[in-house]
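Asks: Supplied in structure tokens, the structure appears directly below.
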């Protein structure tokens, strides 16, 4: 049996926007997956329900990642993928791996020769760029500003 596929699932940026971000094909894919790697389990379960998940959530295998995760070894997230199971990766909001700790999981998947398939969805960075009027040809993203006020003032 071959390796599974890591699907990068977009998450709406706000309530009431699910219809604009999740296609019918993506909804079918979500219903075919039984394992998810998520930044926050509570919000991921909420969005999966909003996305039309029909599988009882008690039957899902959910792994959490991110700055509050106890797992420092990203290889532990690859078990199901190595066994041939397809897995969904979800960020807290927007697109996984964009200014998001999910990038480490995607990098580990690439190191292991696991196919990574991003699905289209919302990205606050690109939406802001689109609405800004700036020239997107010279755009560069250097990460979000720190939350801590003292650290943020050092960046400005």
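All of the numbers you see were taken from the coordinates with simple rules; none came from a lab. Predicted model only: the values in this text are computed from it and were never measured. No Cβ is skipped: glycine too gets one built from the backbone with ideal geometry, and neighbour counts run over all protein chains shown.
Asks: Determine the shape class of the stretch 36-125: with a ≥ b ≥ c the square roots of the Cα gyration tensor eigenvalues, call it rounded for a/c under 1.5, and otherwise prolate if a/b is greater than b/c, oblate otherwise. Walk me through the numbers on the way to the answer.
Replies: Values: a/c = 1.40, a/b = 1.16, b/c = 1.21.
It is rounded, given that a/c, with a ≥ b ≥ c, falls under 1.5.
Asks: Using 0.36 nm per residue of separation minus the Cα-Cα distance, give me the extension gain between residue 83 and residue 45 in nm, one decimal.
Replies: Working it through step by step, the gained length comes to 11.3 nm.
Asks: Still on this model: Starting from 0.36 nm per residue, how many nanometres of slack lie between residue 32 and residue 98 once their C-alpha separation is accounted for?
Replies: This chain segment gains 21.3 nm when fully extended.
Asks: Continuing with this model, one more query. Going by average Cβ neighbours within 10 Å, how do the peptides 135-147, 88-100 rank, with the highest at the top? If you can, show how the numbers build up before the last one.
Replies: On the way: 135-147: 8.5, 88-100: 21.7.
Listed from highest to lowest mean packing, they are 88-100, 135-147.
Asks: So, one more: Gap in Å between the Cα centre of the stretch 100-156 and the Cα centre of the stretch 1-67?
Replies: If we compute the Cα centre of each part, the gap is 20 Å.
Asks: Calculated from DSSP H runs of 4 or more alone, at -39500 (n - 2.57) each and per residue, what is the 222 nm mean residue ellipticity of the chain, nearest 500?
Replies: -9000 deg cm²/dmol
Asks: Let me ask something else about it. Nearest 5 percent is fine: what portion of the DSSP beta bridges confined to the chain is antiparallel?
Replies: On the way: 1 of 17 bridges.
The antiparallel fraction comes to roughly 5 percent.
Asks: Would you mind classifying the stretch 88-156 by shape? Square roots of the alpha carbon gyration tensor eigenvalues, ordered a ≥ b ≥ c; an a/c under 1.5 is rounded, otherwise it is prolate if a/b is larger than b/c and oblate if not.
Replies: It is oblate, given that a/c is not under 1.5 and a/b is not larger than b/c.
Asks: Which label belongs to the value computed from this structure, given these candidates for Cα Rg over 2.2 N^0.38 Å: [x] 0.97; [y] 1.04; [z] 1.10?
Replies: Among [x] 0.97; [y] 1.04; [z] 1.10, the one derived from this structure is [z].
Asks: Here's a follow-up. Using the Cα gyration tensor of the stretch 26-85, with a ≥ b ≥ c the square roots of its eigenvalues, what is the shape: rounded (a/c below 1.5), prolate (a/b larger than b/c) or oblate (neither)? Display every interim value, and only then the final one.
Replies: Values: a/c = 2.46, a/b = 1.36, b/c = 1.81.
Note, shape of the stretch 26-85 comes out oblate.
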